[in-house]
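K.L.:
Pasting a structure below so you can have a look.
The values are calculated or read from the model by the stated rules, or taken from the named source; none is laboratory data. Quick caveat, the model's predicted, so the values are computed rather than measured. Cβ sites come from the backbone with ideal geometry, for glycine too, and all protein chains shown count toward neighbours. Only protein heavy atoms, including side chains, enter the accessible area calculation; ligands, DNA and RNA are left aside. Shrake-Rupley method; radii C 1.70, N 1.55, O 1.52, S 1.80 Å.
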Amino acid sequence: MSAERFEKKETIDLRKKYIGPSCKIFFSHDPIKIVGAKGQYMYDEKGQHYLDCINNVAHVGHCHPDVVKAGAQQMELLNTNSRFLHDNLVLYAQRLQATLPDKLAVCYFVNSGSEANDLALRLARQYTGHKDIITLENAYHGHVSSLIDISPYKFHQLSDTEQNQFVHVASSPDVYRGKHRADHPDPASAYADEVKDIINKAHKKGGKIAAFIAESLQSCGGQVIPPVGYFQQVAQHVREAGGVFIADEVQVGFGRVGSHFWAFQLQGEDFVPDIVTMGKPIGNGHPMSCVVTTKEVAEAFMSSGMEYFNTFGGNPVSCAIGLAVLDVIEKEDLQGNALRVGQYLTSLLEKQKEKHLLIGDIRGRGLFVGVELVRDRLKLTPATAEAQEVIYRLKEQHILLSADGPHRNVLKFKPPMCFTTEDAELVVEKIDVILTELEEALDLKLNNTLAVENESNKRKLLTDENGHSGVLHSKGSRQGSPQQTKQSKRLRT
């Protein structure tokens with residue numbers, strides 16, 4: 001399995017020397033050197049396997065033999081650009097379109113989710129003749145300049161940068177922590193009305209809306225599931241203003257939600273976006289992506305007089321790999337597996353919520369699940385340090401999980417689609433043990449909710465250079481277990 005060329009320390013030193021310092025690495029105090037992967041497992045240089053609960057790029061499983069074979073065979077024959085005729089391009093476009101509503105009929109192939117979303121903005125602005133974009137709070141749509149502008153998850157980190165005047169930020173449709181929660185009689189309408197207000201304010205200032213863009217389920221924003229009906233109402237408001245609706249499926253498409261192939265379909269059959277973007281899982285780790293839109297939008301883009309060409313987009317190798325991914329999803333019923341295993345995982349986590357006061361909310365669809373940790377279920381005080389402690393402790397037990405959201409307190413499950421019920425049981429069992437130890441250290445009991453507020457006032461956070469935090473106990477608090485002492489000591493280094 002090992003493909004190691006250097007000792008781990010030398011790899012780290014070379015990375016520091018040659019790779020940009022803003023390119024962060026997981027677990028920076030003790031990074032994992034991965035040299036191989038198969039299915040839902042990754043392997044380090046010593047042959048130790050790690051259960052991968054976070055890799056939604058290796059969609060059908062790491063290094064799936066069918067996908068590897070398809071790419072290698074086509075690479076032996078030909079790889080060139082789409083200005084030459086080749087069957088793979090049209091075969092793949094035909095197969096991909098068959099998974100979508102009829103209205104979404106025209107494909108543009110590119111190489112990454114960022115490229116796809118950047119092109120989607122160009123399509124929207126050319127079609128509408130407008131410039132303003134409405135995005136969601138905590139959204140992330142990519143790393144190129146046009147997308148940093150519409151990604152509050154990123155641009156809010158830039159203290160000296162003003163928000164682009166053509167960008168408007170609507171509240172995240174979060175019914176757990178947001179403005180309008182689960183007890184609201186109609187949160188979908190309440191959140192959609194805010195978008196309508198933003199449109200009206202933009203119009204008063206002379207702005208015109210080109211598009212509303214949203215991930216069908218927010219990922220970096222904390223695994224947020226929009227209330228049903230929200231997208232329909234937003235689309236109505238945006239279209240009445242002359243704009244279009246862009247659904248970003250880069251993180252959550254290709255059957256991950258289980259009940260549907262595309263996450264936007266969770267809103268109902270009466271909702272169809274004007275533009276859909278795809279990435280990450282589309283090539284199972286091979287760099288490819290796609291924008292699918294209507295004939296009307298595509299014709300307007302052509303009318304600009306500018307040819308659109310992408311050197312690598314839609315090349316024969318990428319399309320062969322894309323076809324193989326679709327074949328594997330169907331052959332191995334991975335969409336069905338996402339539904340079954342996702343429901344089982346969610347049920348296991350719901351039982352943990354009954355047991356652990358630190359768990360505030362369980363939410364998700366299929367194999368896209370979030371566990372929000374809080375120190376106080378009434379105040380929803382984010383348990384950021386505790387979430388990071390869970391991540392580090394799981395890593396020590398060879399399980400890879402991540403935390404995200406605006407407070408970095410949401411444990412994110414988005415594993416390869418071959419994830420099993422046994423995998424779910426293992427992870428939840430480990431989380432149970434870790435939360436039990438944390439709650440004992442915090443004197444946090446289900447029958448002692450006062451301890452939550454008292455202890456949260458005492459405790460401090462220590463954040464390392466990667467944004468990960470450790471649980472540090474104040475002078476008067478209980479001493480943790482040897483494991484916890486070791487963890488706190490490690491995070492100080």
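K.L.:
Exceeding 21 Å between C-alpha atoms, which entries from my cross-link table qualify? They are K17/K412; K8/K430; K154/K412; K17/K46; K16/K395; K154/K205.
P.N.:
The pairs that break the limit, which is 21 Å between Cα atoms, are K17/K412; K8/K430; K17/K46; K16/K395; K154/K205.
K.L.:
While we're looking at this one, here's another question. Taking a spot 7 Å from the Cα of L91 along the direction of its beta carbon, which residues of region 286-324 have an amide N less than 17 Å from it?
P.N.:
Once the point is set 7 Å along Cα→Cβ of L91, 314-324 turn out to lie under 17 Å by backbone N, inside region 286-324.
K.L.:
Right, next: Suppose each label sits 7 Å from its Cα in the direction of the beta carbon; what would the T421-I19 distance come out to in nanometres?
P.N.:
With each label placed 7 Å out from Cα toward Cβ, I get 3.9 nm.
K.L.:
How big is the accessible area of Y344 in square angstrom, nearest 10, if you roll a 1.4 angstrom probe over the protein chains?
P.N.:
Number for this one is 70 Å².
K.L.:
So which aspartates and glutamates pass the test for K379, namely a Cα distance under 16 Å, with those fewer than 8 places away in the same chain ruled out?
P.N.:
Qualifying aspartates and glutamates at Cα under 16 Å: D174, D183, D361, E453, E455.
K.L.:
Between the alpha-carbon centers of region 21-93 and region 185-238, tell me the distance in whole angstrom.
P.N.:
So the two Cα centres are separated by 35 Å.
K.L.:
To continue, here is another question. What are the ³J(HN,Hα) values, in whole Hz, obtained from phi via the Karplus relation 6.51 cos²θ - 1.76 cosθ + 1.60 with θ = phi - 60°, for each residue of region 255-272 in sequence order, with x given for Gly and Pro?
P.N.:
x, 4, 6, x, 6, 9, 6, 10, 5, 5, 5, 4, 6, x, 5, 7, 10, 9
K.L.:
Which aspartates and glutamates, on any chain, are close to K280 with Cα under 14 Å apart, when same-chain ones fewer than 8 places away are left out?
P.N.:
E115, E215, D248, E249
K.L.:
Quick one: length gained pulling K179 to E354 fully straight, 0.36 nm per residue minus the C-alpha distance?
P.N.:
Here the segment from K179 to E354 would lengthen by 60.5 nm.
K.L.:
Note the direction-averaged projected area, equal to a quarter of the hull surface, for the Cα convex hull of region 160-264, in nm².
P.N.:
For region 160-264, the mean projected area of the Cα convex hull comes to 7.7 nm².
K.L.:
Oh, and also: HN-Hα J couplings of region 341-349 from phi, Karplus 6.51/-1.76/1.60, θ = phi - 60°, integer Hz, Gly and Pro as x?
P.N.:
For region 341-349, the Karplus curve yields 5, x, 5, 5, 4, 4, 5, 5, 5 Hz.
K.L.:
Could you rank the peptides 62-69, 212-219, 319-326 by their average count of other C-beta atoms within 10 Å per residue, with the highest value first?
P.N.:
Answer by packing, highest mean first, reads 212-219, 319-326, 62-69.
K.L.:
Step through the residues of region 198-214 one at a time and calculate ³J(HN,Hα) from phi using the Karplus curve (6.51 cos²θ - 1.76 cosθ + 1.60, θ = phi - 60°), rounding each to whole Hz and writing x for Gly and Pro.
P.N.:
My calculation for region 198-214 gives 4, 4, 4, 5, 5, 4, 5, 8, x, x, 10, 7, 8, 7, 10, 10, 8 Hz in order.
K.L.:
Leaving out ligands and nucleic acids, and using a 1.4 Å probe, what accessible area per residue does region 65-332 come to in Å²?
P.N.:
Per-residue value: 43 Å².
K.L.:
Another question about this same structure. Under the classification rounded if a/c is under 1.5, otherwise prolate if a/b is larger than b/c and oblate if not, where does region 238-301 fall, given a ≥ b ≥ c as square roots of the Cα gyration tensor eigenvalues?
P.N.:
Oblate.
K.L.:
Could you pull out the pairs from K24/K131; K201/K295; K33/K331; K208/K295 whose alpha carbons sit more than 27 Å apart here?
P.N.:
In this structure, K24/K131; K201/K295; K33/K331 exceed 27 Å between Cα atoms.
K.L.:
Where the eigenvalues come from the Cα gyration tensor of the chain, what are the semi-axes √(5λ) of the equivalent ellipsoid, largest first, in whole Å?
P.N.:
37, 29, 21
K.L.:
How far apart, in nm, are the 7 Å Cα→Cβ label points at N81 and S259?
P.N.:
That separation, rounded to one decimal, is 4.5 nm.
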